[in-house]
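The values are calculated or read from the model by the stated rules, or taken from the named source; none is laboratory data. Computed from a predicted structure; not experimentally measured. Glycine gets a Cβ as well: all are built from the backbone with ideal geometry, and neighbour counts include every protein chain shown. Surface accessibility is based on the protein's heavy atoms, side chains included, excluding ligands, DNA and RNA. Shrake-Rupley method; radii C 1.70, N 1.55, O 1.52, S 1.80 Å.
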Amino acid sequence: MDSLMIKGGVPLEGEVQISGAKNAVLPLMAAALLTDEPCVIRRVPDLSDVRFMGQILASLGAEFRMEGDTVHIRAARLKGMADYDLIRKMRASICILGPLLGRLHQAKVSLPGGCVIGSRPVDLHLKGLAALGANITVKNGYVHAKAPKLVGSEVFLGGRVGPTVLGTANVMMAATLAEGVTVIESAACEPEVIDVANFLNGMGAKISGAGSPTVQILGVDKLHGVEHEVIPDRIEAATFAIAAAATGGEITILGARPDHMSAVLDKLGEANVKVERRGRNLTVKRGGRLKPVDITTLPYAGFPTDVQAQMMVLMTLTPGLSIITERVFESRFMHVSELARLGAEIAIEGPSAIVKGGRPLSGAPIMASDLRASAALVIAGLAASGTTVVNRVYHIDRGYERIDDKLRRLGARIERVKET
Ligand code: EPZ
């Protein structure tokens, strides 16, 4: 397993280009299963999760090829049986369920296991698809779904902590080929859900209200191919903005969507980080002494849970007390013990982490655990004095396109150490 060796203490300087959004690309690739015509997706990041989803689509019988940042998919003939060893390894593969039901009226998909950040249930996905008339059974770790006919209906998709992003995408995708009108109440409002709706409408679907809590889908008989450019990754952009502030540098982020980042930009402003917007480019630097902030993660447009760990690192460098409360996932503080190894003082009280910031971090070997926690550990290494080695870098490669190359171009002393 590769590691990243970081010699910290260098303020990041320069420009970085943001890649397409991982959390949009994965459901978009699944949506291509809804037609037998070719689909083209541009600005696709080169991530292991993307390549993995490509393998899953291929195991279903679809043609998949990636040329640079463009993905070509043609699901002319679908076997309906995926390589279930593949499916169980990536949670996001649950989003092939809706398209397979819409296209084949049947599907067998491995129940995604939990992961380090939580149990990751899919009850809301199944509730929504059952509302469309699917007969769903769960047996031996697999979801078996059959729907001789999908019929539009009204379904409330809110769970105990709010909406479900991929659940909304799954039900929306199946509903495009259902008979009649489907209304999803308490739909997720994330920009990635809007991107999926735009992709589906480009295929001939009739979806309105995406991005709001009420989404309406008027079923159609057939969908056709589409060409689509993925929205930029708001989480990657937030990660680089925080890395600039954490290292006391000044960077310009190119090709972002600041309108997708309001909560993050608001909190960075509160922390005394200056963000200058020029269209889709953001110039980020400290505005002087950092200030502590209180954060609660919430569904969009609240502060994103995927930026919680990165913001915590910034707060370890900020004199004073910051409180970070995680309301979306039940255990998303795996990075806390690793940050403590670098000298951070963080106390966990239930869903909240109390950060006593201001002490300088010093480098040490640390262990990545999940995608965003790993990115946070890299930021910590960049800010710490001395050398930090982040192990199990495969976690990062799932969701960040060549993060070490991008950081090196910003002046970071970072190198990938291949496992011998
Ligand atoms: C998406 O996951 C993202 N992944 C996650 O990003 C992100 O953290 C999450 O949305 C929340 O924004 C992708 O898009 C591939 P949810 P998703 O269903 O859709 C509960 C990253 O680092 N829930 O919105 O799986 C669930 O347990 C990843 O890029 C149910 O109770 O998340 C959680 O507490 C991590 N029942 C909450 O809802 C369900 O049926 C939000 O989950 C589904 C979810």
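For G61, the residues whose modelled amide H falls within less than 5 Å of its own, excluding neighbours fewer than 5 places apart on the same chain, are K79.
Accessible surface area normalised per residue over segment 364-420 is 39 Å², counting heavy atoms of protein chains with a 1.4 Å rolling probe.
Summarising the strand pairing of the chain, around 75 percent of its internal DSSP beta bridges are antiparallel.
Within a straight-line Cα-Cα reach of under 26 Å, K406 can be paired with the following lysines, leaving aside sequence neighbours fewer than 8 residues apart in one chain: K7, K22, K267, K274, K285, K418.
For segment 209-247, the residues whose backbone nitrogen is under 15 Å from a point 7 Å from the Cα of K274, taken along Cα to Cβ, are 245.
Counting only protein heavy atoms and a 1.4 Å probe, tell me what percentage of the chain's accessible area is made up of carbon and sulfur. Before the final figure, lay out the partial values.
Details: 8070 of 15790 Å².
On the chain, the fraction of accessible area on carbon and sulfur atoms equals 51 percent.
Compared with the direct C-alpha span, the chain from A301 to V151 gains 50.9 nm at full extension, assuming 0.36 nm per residue. Let me make sure I get this right: for segment 243-339, a, b and c are the square roots of the gyration tensor eigenvalues over alpha carbons, sorted descending. Under 1.5 in a/c it's rounded, otherwise prolate if a/b > b/c, else oblate. Which is it? Oblate shape, in that a/c is at least 1.5 and b/c is the bigger or equal ratio. For L12, the residues whose amide H sits under 5 Å from its own are T247, G249, E250, ignoring neighbours fewer than 5 places away on the same chain, with H placed 1.01 Å from N.
Taking the centroid of alpha carbons for each part, segment 200-237 and segment 353-420 are 35 Å apart. Is the shape of segment 1-113 best called rounded, prolate or oblate, per the rule: a/c under 1.5 gives rounded, else a/b larger than b/c gives prolate, else oblate, with a ≥ b ≥ c the square roots of the Cα gyration tensor eigenvalues? Prolate shape, in that a/c is at least 1.5 and a/b is the bigger ratio.
Can you tell me the accessible area per residue over segment 182-297, all protein chains present, probe 1.4 angstrom, in square angstrom? All intermediate terms of the calculation are to be shown ahead of the outcome.
On the way: 4170 Å² over 116 residues.
Value for segment 182-297: 36 Å² per residue.
Largest accessible area first, the listed residues S208, S322, S153 line up as S208, S153, S322 when surface is computed with a 1.4 Å probe on the assembled protein chains.
Going by accessible surface with a 1.4 Å probe and the largest first, Y400, Y394 read Y394, Y400.
Is the shape of segment 361-420 best called rounded, prolate or oblate, per the rule: a/c under 1.5 gives rounded, else a/b larger than b/c gives prolate, else oblate, with a ≥ b ≥ c the square roots of the Cα gyration tensor eigenvalues? Can you show the working numbers first?
Working: a/c = 1.37, a/b = 1.13, b/c = 1.21.
Rounded, since a/c falls under 1.5.
Here r is the Cβ-Cβ distance between R65 and D405 and R0 is 22 Å; the resulting FRET efficiency, rounded to 0.05, is 0.40. Calculated accessible area for segment 62-126 comes out at 43 Å² per residue, all protein chains present (probe 1.4 Å; ligands, DNA, RNA ignored). Take the Cα of K222, step 7 Å along the line toward its Cβ, and report every residue of segment 59-89 whose backbone nitrogen sits under 18 Å from that point. Output list for this probe position: 74-78. Across segment 213-219, rounded Karplus estimates of 3J(HN,Hα) from the backbone phi angles (6.51 cos²θ - 1.76 cosθ + 1.60, θ = phi - 60°) give x, 10, 10, 10, 10, 9, x Hz, Gly and Pro being marked x.
Would you mind calculating the gained length between R359 and S331 on full extension (0.36 nm times residue separation, minus the Cα-Cα distance), in nm to one decimal? Mind showing how you got there, number by number?
Numbers: separation 28, 0.36 × 28 = 10.08 nm, distance 2.55 nm.
That works out to 7.5 nm of additional length.
Rolling a 1.4 Å probe over the protein heavy atoms leaves D49 with an accessible area of roughly 10 Å².
If you take the Cα centroid of segment 86-104 and the Cα centroid of segment 156-186, the two points sit 15 Å apart. Remark: accessible surface ordering of I87, I194 (largest first) is I194, I87, probe radius 1.4 Å.
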